[in-house]
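**Student:** Right, I'll just put the structure down here and ask away after.
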Amino acid sequence: MTLVLVLAVAAAVAWYLQDRQRPGAGSSAAAQARRLRTPLVRLADLVGIQTARGRQAHQWDAGAAGERATAARLAPLARSGWTVLHDRALPTGRSNVDHLLVSPSGVVIVLNSKLWTSRYPLRVEGGRLRHGDRDVSAWVEGVRHEARAVSRALECPVIPLVSMEGPAESPDPGGEWVFDSIRIVPAHRIVPVLRAIGRRHASTGQHPGTRAAALFPAYRRK
């Protein structure tokens with residue numbers, strides 16, 4: 001059996017064994033990365049050939065890693081009475097929420113995780129959000145869409161927020177970025193920021209956390 005055939009068999013076996021989604025933060029992103037890494041893509045990776053699908057898989061892996069890192073940071077909130085849900089499906093459409101949080105007082109927050117390279121700065125310039133030379137403004141509207149969908153389902157206000165791993169803090173006071181009225185918070189500061197937001201007075205009525213888990217099941221990418 002030639003070396004190439006051995007590598008091909010190994011790639012196929014790895015793809016078969018890993019082509020299943022595991023629950024938890026970043027699970028759907030990791031599953032998408034595994035789907036992109038078909039046996040041929042894995043074989044190309046093994047012999048050092050870059051492919052478009054391989055690069056896409058790497059990006060999905062980075063997204064999953066960012067979500068898992070954020071989930072680890074959020075663990076103390078779950079221990080102090082917060083509802084903390086990871087990788088949840090929206091009631092309609094094919095989108096998901098990275099992290100859905102409800103404070104003990106009933107404040108609802110949709111938190112989006114980002115893990116980007118620290119080689120390039122993140123900045124707001126000319127009404128656009130840029131990471132290095134790349135315009136990344138569009139993804140902010142996705143965060144807003146998720147918050148609106150959760151708000152409609154829970155019938156209460158929802159705050160959109162972003163946790164950013166990688167780029168250095170903003171030079172602005174507070175070290176945050178604000179783009180299109182959405183706060184982008186350095187990841188190591190996200191828990192204090194969430195605690196401060198969570199102390200706000202929420203509307204009276206049934207605590208949203210009791211409904212959130214049922215309304216937003218674990219996401220499975222189709």
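The values are calculated or read from the model by the stated rules, or taken from the named source; none is laboratory data. All values reported here derive from a predicted model rather than from experimental measurement. Here the Cβ positions follow ideal geometry from the backbone for every residue, glycine too, while neighbour counts run over all protein chains shown.
**Student:** In region 125-174, how many residues are under 15 Å from Pro186 (Cβ atoms), surrounded by fewer than 18 Cβ atoms within 10 Å (Cβ to Cβ) and in contact (Cβ under 8 Å) with a residue 12 or more places away in the chain?
**Tutor:** Within region 125-174, residues that are under 15 Å from Pro186 (Cβ atoms), surrounded by fewer than 18 Cβ atoms within 10 Å (Cβ to Cβ) and in contact (Cβ under 8 Å) with a residue 12 or more places away in the chain number 3.
**Student:** Quick check: anything in region 104-117 touching a strand residue (DSSP E or B) at 6+ places or on another chain (Cβ under 9 Å) and exposed (fewer than 15 other Cβ atoms within 10 Å of the Cβ)?
**Tutor:** Yes, some residue in region 104-117 is touching a strand residue (DSSP E or B) at 6+ places or on another chain (Cβ under 9 Å) and exposed (fewer than 15 other Cβ atoms within 10 Å of the Cβ).
**Student:** A further question on this structure: Looking at Val185, Val193, can you tell me which residue is under 20 Å from Lys114 (Cα atoms) and in a strand (DSSP E or B)?
**Tutor:** So the residue among Val185, Val193 that is under 20 Å from Lys114 (Cα atoms) and in a strand (DSSP E or B) is Val185.
**Student:** Which count do you get for residues in region 148-183 that are β-branched (Val, Ile, Thr), out of contact with any Leu (no Cβ under 8 Å at 6 or more places or on another chain) and closer than 15 Å to Leu111 by Cβ?
**Tutor:** Here the count works out to 2.
**Student:** Follow-up. Could you list all residues from region 153-166 that are of a type outside the set (Val, Ile, Thr) and in contact with a strand residue (DSSP E or B) (Cβ under 9 Å, 6 or more places away or on another chain)?
**Tutor:** Result: Leu154, Cys156, Pro157, Pro160, Leu161, Ser163, Met164, Glu165, Gly166.
**Student:** Do you know which residues across region 76-135 are under 22 Å from Arg195 (Cα atoms), assigned to a loop (DSSP other than H, G, I, E, B) and in contact with a Pro (Cβ under 9 Å, 6 or more places away or on another chain)?
**Tutor:** Within region 76-135, Ser80, Gly81, Trp82, Gly106, Val107 meet the criteria.
**Student:** If you don't mind, another one. Taking region 175-206, which residues are within 18 Å of Ala71 (Cβ to Cβ), at pLDDT 95 or above and exposed (fewer than 14 other Cβ atoms within 10 Å of the Cβ)?
**Tutor:** Result: Pro192, single match.
**Student:** What is the residue count in region 211-222 for residues that are surrounded by fewer than 18 Cβ atoms within 10 Å (Cβ to Cβ) and touching a residue at least 24 places away in the same chain (Cβ under 8 Å)?
**Tutor:** Within region 211-222, residues that are surrounded by fewer than 18 Cβ atoms within 10 Å (Cβ to Cβ) and touching a residue at least 24 places away in the same chain (Cβ under 8 Å) number 8.
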